[in-house]
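Student: Can you read through this structure? Questions will come right after.
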Amino acid sequence: MDQIQDTIINEPLKWLGINVINPDDFTRLIATFLLNLLVIFIVVNYIYSKNSNRKDFYFSYFSISITIFVLCSLLESVKLELGFAFGLFAIFGIIRYRTDPIPIKEMTYLFVIIGISVINALSNQKVSHFELLFTNAAIILTMWVLEKILLLKQEICLVINYENIENINIKRKEELYADIQERTGIKVKRIEIEEINYLRDVARIKVYHDINDNNGENNTF
């Protein structure tokens, strides 16, 4: 009789042949989900955003992270861990070439976000809590060091139709740089000449500058 009662008590509640809840698995899912969300928030809000001054990728980063995490967590029992993880990277690599051009830095952060989500979702009993925390902390620290300590700045390109054609000369490089900086107010790093039209006295040039570097000020309008 006692054995029957223990079986009834210990038998998980099922509906349509599926457990309604697995307490241990559900607790682990909630804990890793919150950890993953915290890490993604730190990377996106305190590392990426503070150094790029762009928030148009916020929605994509958080949405992709949550979706990848849930997808990997629910499919973990299918035993596709390694192949599935690499498959996700391959899929998003293909999407990269099927969409509008995405800056290299934003694409790198996207792969970091996917990687963090996959690591947290596919961690199992073989991975201790300290190992998981160390892995996430190491990623955060590495991204912070790359952005803050090494001062890696995001470079963007501005295409200009330049009419002061006499400055398009190797001997007048300083005058060209000074003129562009005077007109635009940005600190020019380098200039590439794409096309010169002497009939119309106009040149098509590419002006490269750091997105955060506008003589010490933000250059977003």
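Student: LEU133 to GLU174: FRET efficiency via 1/(1 + (r/R0)^6), r the Cβ-Cβ distance, R0 45 Å, to the nearest 0.05?
Tutor: FRET efficiency, LEU133 to GLU174: 0.30.
Student: Could you order the peptides 111-122, 192-203 from most to least packed, using the average number of other C-beta atoms within 10 Å per residue?
Tutor: Order by mean packing, descending: 111-122, 192-203.
Student: Among the lysines, which have Cα under 28 Å from the Cα of LYS148 when same-chain residues fewer than 8 positions away are ignored?
Tutor: Of all the lysines, those that pass the test against LYS148 - Cα under 28 Å, at least 8 places apart if same chain - are LYS50, LYS55, LYS105, LYS187, LYS189, LYS206.
Student: Please rank ILE47, ILE66, fewest neighbouring Cβ atoms within 10 Å first, as an exposure proxy.
Tutor: Numbers: ILE47 20, ILE66 15.
Ascending number of Cβ neighbours within 10 Å: ILE66, ILE47.
Student: Moving to a separate point now. Give the separation of the Cα centroids, the stretch 56-70 to the stretch 122-189, in Å.
Tutor: Using only Cα atoms, the two centres lie 23 Å from each other.
Just so you know, all these numbers are worked out from the coordinates, no wet-lab data involved. On a predicted model such as this, the values are computed, not experimentally measured, just so you know. Positions of Cβ are generated from backbone atoms using ideal geometry, with glycine treated the same way; all protein chains shown enter the neighbour counts.
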